[in-house]
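Only one structure is covered here, and it is reproduced in the block below.
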Amino acid sequence: MNSFLEVRGVHKSFGSGDARVDVLKGIDLEFAEGETIALVGASGAGKSTLLHILGTLDRPSSGSVLFQGEDVFKTGDQGLASFRNRSIGFVFQFHHLLPEFTAVENVMMPLLISGGKRIEAAEVASQLLRDVGLGHRFSHRPGELSGGEQQRVAIARALVGSPQLLLADEPTGNLDMKTSDEIHGLLGEIHASRRLTMIIVTHNERLAGRMGRTIRLVDGRIGS
Ligand SMILES: Nc1ncnc2c1ncn2[C@@H]1O[C@H](COP(=O)(O)OP(=O)(O)OP(=O)(O)O)[C@@H](O)[C@H]1O
Ligand SMILES: [Mg+2]
């Protein structure tokens with residue numbers, strides 16, 4: 001039986017020669033389907049670098065990532081992009097919403113980009129906005145939303161393609177404690193209803209404590 005997601009001997013370096021920085025120094029991990037994981041560690045330990053590789057946004061220098069037994073980096077950039085669009089949702093610390101579009105348009109965007117029909121995309125996006133508690137904010141632009149609301153829109157957008165894997169990089173790093181707790185609750189609800197696998201990079205111990213397992217990175221290696 002293959003695990004859902006497996007990282008084998010991943011190294012990642014940036015630059016070359018004297019300027020080379022070895023960031024990931026041999027990472028081996030296995031994730032079961034439906035698991036929730038907190039990825040923690042000091043600033044600079046390599047958390048975002050590892051998350052980007054798990055999300056196929058960046059390739060490892062060596063080693064492999066297996067998704068349901070398949071080596072994802074065997075394919076070219078186009079194959080990788082289509083795999084990513086089908087299977088992975090991302091939430092970042094800064095929401096990266098498009099400022100000139102409304103909440104519902106931002107959530108629809110991934111579906112439109114992958115060729116979906118506008119009317120169907122609007123229906124899916126509207127339902128998702130209701131699911132994240134923003135049924136009353138469809139036509140607000142990001143600048144007209146609070147930080148917590150912006151992050152809810154970003155979460156809805158991450159879910160619009162029904163991904164099997166949700167990756168988040170400090171999703172509440174920019175929010176106050178009360179709003180963070182609300183977002184943590186929302187992530188818990190999403191996991192309960194969708195059973196997707198979640199890997200969340202966080203410096204927030206309360207959020208880490210809600211995850212099923214914590215993995216600590218120490219200077220590019222898995223710590224204890
Ligand atoms: N594109 C890049 N080019 C060169 N060095 C990089 C690049 N990306 C990351 N690094 C270096 O890799 C190291 C790890 O960075 P990374 O962003 O993965 O850390 P992190 O654990 O996410 O830290 P933080 O908690 O501050 O977000 C840092 O020393 C960083 O400077
Ligand atoms: Mg980071």
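The values are calculated or read from the model by the stated rules, or taken from the named source; none is laboratory data. Since this is a predicted model, take the numbers as computed values, not measurements. Cβ: placed from backbone, ideal geometry, glycine included. Neighbour counts: every protein chain shown. The protein model used for the area step is the full one, side chains on, heavy atoms only, and it has no ligands, DNA or RNA in it. Shrake-Rupley method; radii C 1.70, N 1.55, O 1.52, S 1.80 Å.
Among the numbered conditions (1) modelled with pLDDT of 95 or more; (2) of a type outside the set (S, T, N, Q); (3) surrounded by fewer than 21 Cβ atoms within 10 Å (Cβ to Cβ), tell me where Ala19 comes up short.
Answer for Ala19: the failing condition is (1).
Based on what the data block shows, is Leu112 within 17 Å of Leu159 (Cα to Cα) and either within 16 Å of ligand 2 (Cβ to nearest atom) or part of a loop (DSSP other than H, G, I, E, B) (or both)? Even if it seems obvious, please write down each step before you answer.
Numbers: within 17 Å of Leu159 (Cα to Cα): yes; either within 16 Å of ligand 2 (Cβ to nearest atom) or part of a loop (DSSP other than H, G, I, E, B) (or both): no.
No, not satisfied.
Out of Ile155, Ile113, report the one residue that is open to solvent by 40 Å² or more (accessible area, probe 1.4 Å), out of contact with any Phe, Trp or Tyr (no Cβ under 9 Å at 6 or more places or on another chain) and among the β-branched types (Val, Ile, Thr). Quick ask: steps written out before the conclusion?
On the way: Ile155 fails: open to solvent by 40 Å² or more (accessible area, probe 1.4 Å).
It is Ile113.
Which residues, counting only those in region 94-136, are touching a Gly at 6+ places or on another chain (Cβ under 9 Å) and in contact (Cβ under 8 Å) with a residue 40 or more places away in the chain?
The answer is Phe94, His95, Pro99, Met108, Pro110, Leu111, Ser114.
Against the conditions (1) at pLDDT 95 or above; (2) away from ligand 1 (no atom under 16 Å from the Cβ); (3) at negative phi; (4) not hydroxyl-bearing (Ser, Thr, Tyr), where does Phe90 fall short? Just the number, please.
The one condition Phe90 does not meet is (2).
Before we move on, is Val124 in contact with a helix residue (DSSP H, G or I) (Cβ under 8 Å, 6 or more places away or on another chain) and farther than 27 Å from Leu207 by Cα?
On the way: in contact with a helix residue (DSSP H, G or I) (Cβ under 8 Å, 6 or more places away or on another chain): yes; farther than 27 Å from Leu207 by Cα: yes.
Considered against the rule, which asks whether it is in contact with a helix residue (DSSP H, G or I) (Cβ under 8 Å, 6 or more places away or on another chain) and farther than 27 Å from Leu207 by Cα, Val124 comes out as yes.
Mind listing whichever residues of region 90-102 are over 19 Å from the mean Cα position of the chain (by Cα) and either exposed (fewer than 15 other Cβ atoms within 10 Å of the Cβ) or of a type outside the set (S, T, N, Q) (or both)?
We begin by selecting, within region 90-102, every residue over 19 Å from the mean Cα position of the chain (by Cα); these are 99-102.
Across region 90-102, the qualifying residues are Pro99, Glu100, Phe101.
Residue under question is Glu105, and the condition is that it be in contact with a helix residue (DSSP H, G or I) (Cβ under 9 Å, 6 or more places away or on another chain), at pLDDT 95 or above and of a type in the set (Asp, Glu); does it hold? If you could, list the steps in order and put the result at the bottom.
Values: in contact with a helix residue (DSSP H, G or I) (Cβ under 9 Å, 6 or more places away or on another chain): yes; at pLDDT 95 or above: yes; of a type in the set (Asp, Glu): yes.
Yes, satisfied.
Filter region 25-57 down to residues that are open to solvent by 50 Å² or more (accessible area, probe 1.4 Å) and not small (Gly, Ala, Ser), then give me how many there are.
Residues that pass the stated criteria total 6.
Within region 160-193, can you find the residues that are within 16 Å of ligand 1 (Cβ to nearest atom) and among the acidic types (Asp, Glu)?
Across region 160-193, the qualifying residues are Asp169, Glu170.
Check Ser62, Ser87 and return the single one that is more than 30 Å from Arg137 (Cβ to Cβ) and either open to solvent by 40 Å² or more (accessible area, probe 1.4 Å) or touching a Phe, Trp or Tyr at 6+ places or on another chain (Cβ under 9 Å) (or both).
Numbers: Ser87 fails: more than 30 Å from Arg137 (Cβ to Cβ).
The unique qualifying residue is Ser62.
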